[in-house]
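Q: This is the structure I want to talk about, given as structure tokens.
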Amino acid sequence: MNDIRVDECACDGVGNAYRPWPARITSIQDLTEKEKLFELRLIDPEVREAFKFHAGQFAEISIFGVGEAPISISSAPSKQGFIELCVRNTGDVTGALHKKQCGDIVGLRGPLGRGFPFEQMKGNDILLVAGGLGIAPLKSLINHIHDERHEFGKVTIMYGAKNPGEVLFRHQFDMWKHREDFDLMLTVDESDDTWDGPVGVVTKLFDQVDVDPDCTYGAICGPPVMYKYVIEEMRKKNMDVDKIYMSFERRMKCGIGKCGHCGVGHQYACIDGPVFSYWEAMNLQEAI
Amino acid sequence: MFFRVVDKERLPDLIAGLSSDHEVIGPIEKDGRFVFAPISDPSQIRLDYDTTLLPPKKWLMPPEETMMHFNCADEEVTDDTVVASPRVLFGLHPCDINSLLLLDNVFLQGHVDPYYKARRDNTLIVGMSCTPSPTCFCNVWDTDEVHWGFDIFLTDLGDRYYASLRTVKGAEVLDRHVDSRAVTEKDTADFQQVVHEFKQGFSNNVDTAQLPVLLDAKFDSPVWDDFGSECLSCGACSMVCPTCYCFDVKDRLEVDQKSGARVRTWDSCQFKEFAAVAHGQNFREDRSSRLKYRYYHKYWGYLSKFERVLCVGCGRCTLACPSGISPVKVIEALQAGGSR
Ligand SMILES: Cc1cc2nc3c(=O)[nH]c(=O)nc-3n(C[C@H](O)[C@H](O)[C@H](O)COP(=O)(O)OP(=O)(O)OC[C@H]3O[C@@H](n4cnc5c(N)ncnc54)[C@H](O)[C@@H]3O)c2cc1C
Ligand code: FES
């Protein structure tokens, strides 16, 4: 027998699934004090070509010497060649990423996980509810719906942030306020003098909407405490348990179902999720 | 499957022969217990061992391994090859061979783990029959038998071995290194007798009926707090478990701070920070929820994906737990409904 080397047993055409690929930062936008929007472009054309994702999937960002962090892809799948990540500076990897400049290189692995059932959602009304940074994965879905707007009925977006300074993508949303094809509702927990919109938690906005439960899909992402209350409101509107989808954040290391860190009930958030239907989530212990 | 018979005196020939072009790992005695270790002399091997301190997973997913070397300046991977030298795991009991099959499901399905695969592909497995010990409960999971996942399996018939040859490789090395003969009716009758006696030897017959249902239905049972209050969260159960595969990943920089290695190490869901995320949130803050999660994953989470429980009943965790917690006790408590 001879020695076997990893590169010879590279499988299903992807090679070593743990290996990050170099990607160049092509733009950085300051969104708030803590969040920046990064646009990345994978350097190797073959890898770039192979990186096809769905809204709700994530990528592992790698900075060698620091580590890796799972980050939702916030651009739409229809935007080719570039990937946008909206990143909050909360620790080692995200902190190091925030120090990077345009033109710098980082590592990228993905796309990973199961996203929103976009095809299944077509032909229906959509109700999206985001809290805080939860807007990041939903933005991908929103933009994808935008690109294929004619495939959907009424689209309502509810987005709550702590205060006006923490509203992400405010510029885009300010422009969208006047659009007829999207019903955009923003709210903040605490207002200041730059704010003339509603004040209060995101669930308060439910009073203002009519939902047709027969043909409405829900999509939720936000801080863990938020899910229970949003689901309660959606259920009050008689939405089906298998038409409400949500994305979960768990600790992750490998992102490919091996390291065990992301366990939620009997599933792994990295490969079985991060997007689960409410029916699935109800069956996951400690999920909500 | 094909069978041959090998006289007991001839077994050292097989070990010596394998040693010529493989690293042979087998059970040896160490401070009154047994460990799997490289064998330099066939006489070191102790085929009468009960169980080893650490399971064979150590030789397929080492406690610490380098996944890749990198260069920080251009975020480039400089080397992610793993050199897996030809190796034999000699004398594995059925439970341990079954444990490798369970690890195969995780590491060889979906995204293939290239490090595990390289080693697995270059490891020859020689199994050995065993005698039930008081902590064994492989019988309840049917992992006291094994029908694939090895190259050769030797059943001890007293003065000779009944050798099952599962793979071409196994048949080849047996043929090359040791004198063997065809099986007679008497050999097969003796084999059956040995198996019959073996099956009578188990003392743990814990009732595992509807375990996944019980785990869900009794998720809030006080049983978990009872065991949780005694658990020290030391993670010893995971380290000695042949089927626990969780790992942590860390980057280590060289002194020049410009290059380094991404390294993975064994981890345990019993450690407090295992499920900690940003903003001080921890999905399993207290010990009882972590202990519960370990059982939940083994007897339901894994089962839901691979139709088998993630436990082979080897009893190592029972021996390793400083608080005397064992799967048998936990399952019995769940079946009983009350606390211990
Ligand atoms: C599917 C998914 C999608 C995500 N999408 C986004 C996104 O779009 N944008 C975004 O900004 N974030 C996102 N996250 C969250 C992000 O991955 C985490 O915040 C991640 O921890 C950041 O990595 P870091 O290295 O910067 O932080 P870390 O250095 O890991 O620290 C983050 C926090 O984790 C805790 N922590 C870390 N290690 C330990 C430990 N050993 N013990 C106890 N606590 C510890 C601490 O509270 C620390 O403050 C996502 C997560 C998931 C799972
Ligand atoms: S992140 Fe490793 S198993 Fe999900």
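Q: Just to verify a result, which residue in region A:261-278, among those that are modelled with pLDDT of 95 or more and away from ligand 1 (no atom under 13 Å from the Cβ), is surrounded by the fewest Cβ atoms within 10 Å (Cβ to Cβ)?
A: Top of the filtered list is A:Ser277.
Q: Scan A:Gly110, A:Gly103 and give me the residue that is crowded, with 19+ Cβ neighbours inside 10 Å, in contact (Cβ under 8 Å) with a residue 24 or more places away in the chain and not hydrophobic (A, V, I, L, M, F, W, C).
A: A:Gly110
Q: Report, by residue number, each residue of region B:103-125 that is touching a helix residue (DSSP H, G or I) at 6+ places or on another chain (Cβ under 8 Å) and more than 7 Å from chain A (Cβ to nearest Cβ).
A: Residues satisfying the conditions are B:Leu103, B:Asp104, B:Asn105, B:Leu108, B:Tyr116, B:Arg119, B:Arg120, B:Thr123, B:Leu124, B:Ile125.
Q: Separate question: For residues in region B:250-274 being within 16 Å of ligand 1 (Cβ to nearest atom) and without any contact (Cβ under 8 Å) to a residue 12 or more places away in the chain, which is nearest to A:Arg250 (Cα to Cα)?
A: B:Glu273
Q: Within region A:129-139, is even one residue within 19 Å of the chain's Cα centre (by Cα) and in a loop (DSSP other than H, G, I, E, B)?
A: Checking region A:129-139: not a single residue is within 19 Å of the chain's Cα centre (by Cα) and in a loop (DSSP other than H, G, I, E, B).
Q: Could you please find all residues in region B:55-87 being over 15 Å from the mean Cα position of the chain (by Cα), open to solvent by less than 20 Å² (accessible area, probe 1.4 Å) and either more than 24 Å from B:Ala16 (Cβ to Cβ) or more than 10 Å from every other protein chain (Cβ to nearest Cβ) (or both)?
A: Of everything in region B:55-87, those that are over 15 Å from the mean Cα position of the chain (by Cα), open to solvent by less than 20 Å² (accessible area, probe 1.4 Å) and either more than 24 Å from B:Ala16 (Cβ to Cβ) or more than 10 Å from every other protein chain (Cβ to nearest Cβ) (or both) turn out to be B:Glu65, B:Met67, B:Met68, B:Phe70, B:Glu75, B:Val77, B:Asp80, B:Val82.
Q: Tell me, yes or no, whether region A:68-78 has at least one residue that is assigned to a loop (DSSP other than H, G, I, E, B) and either within 12 Å of chain B (Cβ to nearest Cβ) or open to solvent by 10 Å² or more (accessible area, probe 1.4 Å) (or both).
A: Scanning region A:68-78 turns up at least one residue that is assigned to a loop (DSSP other than H, G, I, E, B) and either within 12 Å of chain B (Cβ to nearest Cβ) or open to solvent by 10 Å² or more (accessible area, probe 1.4 Å) (or both).
Q: Restricting attention to strands (runs of 3 or more DSSP E) lying wholly within region B:1-54, give those where 2 or more residues are open to solvent by 70 Å² or more (accessible area, probe 1.4 Å).
A: The strands (runs of 3 or more DSSP E) meeting that bar are B:2-7, B:23-30.
Q: Could you please give the count of residues in region A:86-96 that are closer than 23 Å to B:Glu76 by Cα and surrounded by fewer than 23 Cβ atoms within 10 Å (Cβ to Cβ)?
A: So the count comes out to 6.
Q: Next question, about the same structure. Kindly indicate whether A:Val241 is of a type in the set (A, V, I, L, M) and either outside the structural domain of A:Leu128 (by TED's automatic domain parsing) or crowded, with 20+ Cβ neighbours inside 10 Å (or both).
A: no
Condition check ((1) outside any strand (DSSP E or B); (2) touching a residue at least 60 places away in the same chain (Cβ under 8 Å); (3) of a type in the set (Val, Ile, Thr)) across all residues:
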{"residue": "B:Cys136", "(1), (2), (3)": "yes, yes, no"}
{"residue": "B:Asn139", "(1), (2), (3)": "yes, yes, no"}
{"residue": "B:Thr143", "(1), (2), (3)": "yes, yes, yes"}
{"residue": "B:Val146", "(1), (2), (3)": "yes, no, yes"}
{"residue": "B:Thr155", "(1), (2), (3)": "no, no, yes"}
{"residue": "B:Gly170", "(1), (2), (3)": "yes, no, no"}
{"residue": "B:Val183", "(1), (2), (3)": "yes, yes, yes"}
{"residue": "B:Ala189", "(1), (2), (3)": "yes, no, no"}
{"residue": "B:Gln192", "(1), (2), (3)": "yes, no, no"}
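Q: Collect the residues in region B:282-314 that are touching a residue at least 24 places away in the same chain (Cβ under 8 Å) and farther than 17 Å from B:Phe227 by Cβ, keeping them in residue-number order.
A: Residues satisfying the conditions are B:Tyr302, B:Leu303, B:Ser304, B:Lys305, B:Phe306, B:Arg308, B:Val309, B:Leu310, B:Val312, B:Gly313, B:Cys314.
Q: Condition first: more than 14 Å from chain A (Cβ to nearest Cβ), among the aliphatic types (A, V, I, L, M) and open to solvent by 80 Å² or more (accessible area, probe 1.4 Å). Now tell me which residues in region B:208-255 satisfy that.
A: B:Leu232
The values are calculated or read from the model by the stated rules, or taken from the named source; none is laboratory data. Remember, predicted model here, so these are calculated numbers, not experimental data. Note: ideal-geometry Cβ built from the backbone for every residue, glycine included; neighbour counts use all protein chains shown. Note: areas computed on protein heavy atoms with side chains; ligands, DNA, RNA excluded. Shrake-Rupley method; radii C 1.70, N 1.55, O 1.52, S 1.80 Å.
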